[in-house]
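Trainee: Supplied in structure tokens, the structure appears directly below.
Quick note: the coordinates plus some simple rules give every number you see, no bench work behind them. The structure displayed is predicted, hence computed values, not measured ones. Positions of Cβ are generated from backbone atoms using ideal geometry, with glycine treated the same way; all protein chains shown enter the neighbour counts.
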Amino acid sequence: MNKKHVIAIIGIIVMVSFFIIGASAIMSTSSQPLKEDTKALPKGDTVIVKMTMVGSTYKFEPASVNLGDKITIVADMNKISGCFRTVVIPSMAIRKYLSDSDNKIIFTAKKAGEFPVTCAMGMGSGKLIVKG
Ligand SMILES: [Cu+2]
């Protein structure tokens with residue numbers, strides 16, 4: 001075996017291992033939402049959550065909801081102004097511009113956890129808690 005062959009073999013090994021790592025990464029990320037979708041959601045309640053703002057923090061009342069609940073967030077438009085009216089909950093794929101005529105965000109709590117809430121620019125903080 002000469003030098004060229006050794007280099008070629010090492011090259012093939014490197015390429016194959018990259019392919020395996022890449023394939024397993026794709027498979028592990030794509031299998032996650034699938035698991036979530038097939039998991040049956042508990043039959044939740046219909047819950048109205050009041051949202052207001054203290055300083056630059058979104059506050060929720062009640063502060064937590066349960067998995068499967070059908071949520072209607074009702075925003076206090078007297079307290080939420082400017083760019084804070086565009087509410088983003090990235091981990092729930094929620095993005096909504098609130099106005100006086102439409103101050104509600106309606107969704108089902110499909111994941112348990114603590115979900116950060118910000119404005120469209122990533123300002124402001126707050127979290128919505130979903131108990132599993
Ligand atoms: Cu902002």
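Trainee: Could you calculate the contour length gain from ALA120 to ALA63, that is, 0.36 nm times the residue separation minus the distance between their Cα atoms, to one decimal place in nm? List each step's numbers first, then the result.
Mentor: Details: separation 57, 0.36 × 57 = 20.52 nm, distance 2.14 nm.
Taking 0.36 nm per residue and subtracting the Cα distance, the gain is 18.4 nm.
Trainee: Determine the percent antiparallel among the DSSP beta bridges restricted to the stretch 39-132, to the nearest 5. Let's see the in-between values first.
Mentor: Working: 20 of 30 bridges.
Taking every DSSP beta bridge within the stretch 39-132, about 65 percent pair in antiparallel fashion.
Trainee: Something else about it: Under 30 Å between alpha carbons, and skipping anything fewer than 8 positions from LYS70 in its own chain: which lysines qualify?
Mentor: LYS35, LYS39, LYS43, LYS50, LYS59, LYS79, LYS96, LYS104, LYS110, LYS111, LYS127, LYS131
Trainee: To continue, here is another question. How big is the dipole moment of the stretch 42-131 about its Cα centre under a simple scheme where the beta carbon of each Lys and Arg is +1, that of each Asp and Glu is -1, and everything else is neutral? Debye, nearest 20, please. Write down the numbers at each step before the final one.
Mentor: Details: 13 positive and 7 negative charges, 42 e Å.
It comes to approximately 200 debye.
Trainee: Sort the following peptides by mean Cβ neighbour count (other Cβ atoms within 10 Å, averaged over residues), highest first: 54-65, 70-81. Don't skip to the answer; put the middle values down first.
Mentor: Working: 54-65: 13.9, 70-81: 16.2.
With the highest mean Cβ count within 10 Å placed first, the list reads 70-81, 54-65.
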